[in-house]
Amino acid sequence: MHEVGIVQSTLAMAERHARNAGGSAISSLLLRVGDMTGVVPEAIEHAFDVLKIGTLAENASLVIERVGGIGWCEGCSLEFSADGWIAICPRCAVPTGDLRSGLELELVSLEVS
Amino acid sequence: MCIECGCGQQPHEKHDHPHRVVSVHESIFADNDRRAERNRGYFRAHGLFVVNLVSSPGAGKTALLEKTLGLLPLRSGVVVGDLETDLDAIRLRKTGTSVVQVATGTLCHLDAAMVARAVGTLNVKTLAVLFIENVGNLVCPAAFDLGEDLRVTLLSVPEGEDKPLKYPPLFRSSNWVVVTKIDLEEACGFDREACLGHLGRVAPKARILELSSKTGAGMDQWCDELVRAYESRPKGL
Ligand SMILES: Nc1nc2c(ncn2[C@@H]2O[C@H](COP(=O)(O)OP(=O)(O)OP(=O)(O)O)[C@@H](O)[C@H]2O)c(=O)[nH]1
Ligand SMILES: [Mg+2]
Ligand SMILES: [Zn+2]
Ligand SMILES: [Zn+2]
């Protein structure tokens, strides 16, 4: 369900930018998805294949670039990579809510013609 | 691949490509975030303290509000989002509170624009606190800022102590987590220590409260904390 909303927002944003650039069709989109967003790339791809029909991106391909999680430990000032959904400092074994990366959900670029 | 235009041809100077790359670099939630900031400005200008209540379906948002509206010494209004029905709005109106119902249809969360429209129908000048009961869902509301001052996620005892590990983004984005239905702890074999441990790992900054809307246990502390948060709310623009 969530992925549908994300893809709808993405398509609306992409169409707006494509029109602003004078384009009449979108041939590809690059989406950046953080590992800690909980968003499932496969679900995004499925939703995209269905929802793109009837939009400027009807024949577009979708490229998803994943971004790994990076946490910051307040206790020891360590920046560390986090896998999964939780960031725990490997030195202090203390969890942190300070995420420096991994929450991205961003339309990076599109290719128009 | 031609790096300059992203097409399959090479090199760039050799082809006259009808397509080009448009750089966007915008968050998918940028539109909502902008509207949420506008809401926030509006709320602050009116001195309104706004609480966004989120949980999975049936965790007890409406029950908690019913109890809270009778106890809290602050004039409150409610915006309630629901997929289909207006049953929650009817329950909440019985407390004598102004309630606006937002039917979200198939959308599984409220967004900032829906909240702005709903708030437009309330007489906010008479209100100190606005509660927003979000649609029962532990995924989507995490990403949609409504312009609230306080995001409160409810975790009810029957859902089990490992919920925070299954839905970290929402718990992480919450200012407070309220463990509800604590009257059922024994019946459910609820491991309270484990639950608090999980919450500490996933949402180390969140304030944790525990209560039962049924027995009233923990309600006084919840209301006291709300009053305190209201009193220290950010004001002005
Ligand atoms: N035992 C017990 N039952 C509760 C408590 N709070 C709520 N309930 C019951 O849980 C059920 C769901 O409560 P609601 O308040 O409707 O839950 P909700 O989160 O508003 O549900 P949705 O709006 O559908 O997402 C009802 O039958 C309530 O009576 C509690 O503290 N203890
Ligand atoms: Mg409800
Ligand atoms: Zn959703
Ligand atoms: Zn550390």
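Worth a mention:
- For segment B:188-205, the candidate set comprises residues that are surrounded by fewer than 22 Cβ atoms within 10 Å (Cβ to Cβ) and of a type in the set (A, V, I, L, M); within that set, the residue that is nearest to B:V54 (Cα to Cα) is B:L196.
- Elements of the type helices (runs of 4 or more DSSP H) sitting completely within segment B:69-187 and holding at least 3 residues that are surrounded by fewer than 20 Cβ atoms within 10 Å (Cβ to Cβ): these cover B:87-93, B:112-119.
- Some residue of segment B:133-142 being under 27 Å from A:E104 (Cα atoms) and of a type in the set (D, E): yes
- Hits in segment A:67-110 - residues which are facing chain B (nearest Cβ under 10 Å), farther than 20 Å from B:A143 by Cα and hydroxyl-bearing (S, T, Y): A:S109
- Long-range neighbours under 8 Å by Cβ, at least six apart or interchain, first residue within 16 Å of ligand 3 (Cβ to nearest atom) within segment B:81-92, second open to solvent by 80 Å² or more (accessible area, probe 1.4 Å): B:L83/B:T106
- Unique match (being aliphatic (A, V, I, L, M), under 20 Å from B:A203 (Cα atoms), at pLDDT 95 or above and touching a Cys at 6+ places or on another chain (Cβ under 9 Å)) among B:V157, B:V152: B:V157
- Counting the residues of segment B:188-204 that are free of Cβ contacts under 8 Å to residues at least 24 places away in the same chain, within 14 Å of another protein chain (Cβ to nearest Cβ) and assigned to a loop (DSSP other than H, G, I, E, B) gives 1.
- Residue within segment B:97-106 that is within 15 Å of the chain's Cα centre (by Cα) and either within 16 Å of ligand 3 (Cβ to nearest atom) or more than 21 Å from B:T153 (Cα to Cα) (or both) present: yes
- In segment B:25-80, the qualifying residues are those that are modelled with pLDDT under 95 and polar (S, T, N, Q), and the one that is nearest to ligand 4 (Cβ to nearest atom) is B:S27.
- Scanning segment A:8-18 for residues that are more than 9 Å from chain B (Cβ to nearest Cβ) and touching a strand residue (DSSP E or B) at 6+ places or on another chain (Cβ under 9 Å) gives A:L11, A:E15.
- The set of residues in segment B:206-217 that are among the hydrophobic types (A, V, I, L, M, F, W, C) and surrounded by fewer than 20 Cβ atoms within 10 Å (Cβ to Cβ) comprises B:I208, B:L209, B:A217.
- All positions within segment A:80-99 that are within 9 Å of ligand 4 (Cβ to nearest atom) and of a type in the set (G, A, S): A:A93
The values are calculated or read from the model by the stated rules, or taken from the named source; none is laboratory data. In this text, all values refer to a predicted model and were calculated from it rather than measured experimentally. Note that each Cβ is placed from the backbone with ideal geometry, even for glycine, and that neighbours are counted across all protein chains shown. For accessibility, only protein heavy atoms count, side chains too; no ligands or nucleic acids. Shrake-Rupley method; radii C 1.70, N 1.55, O 1.52, S 1.80 Å.
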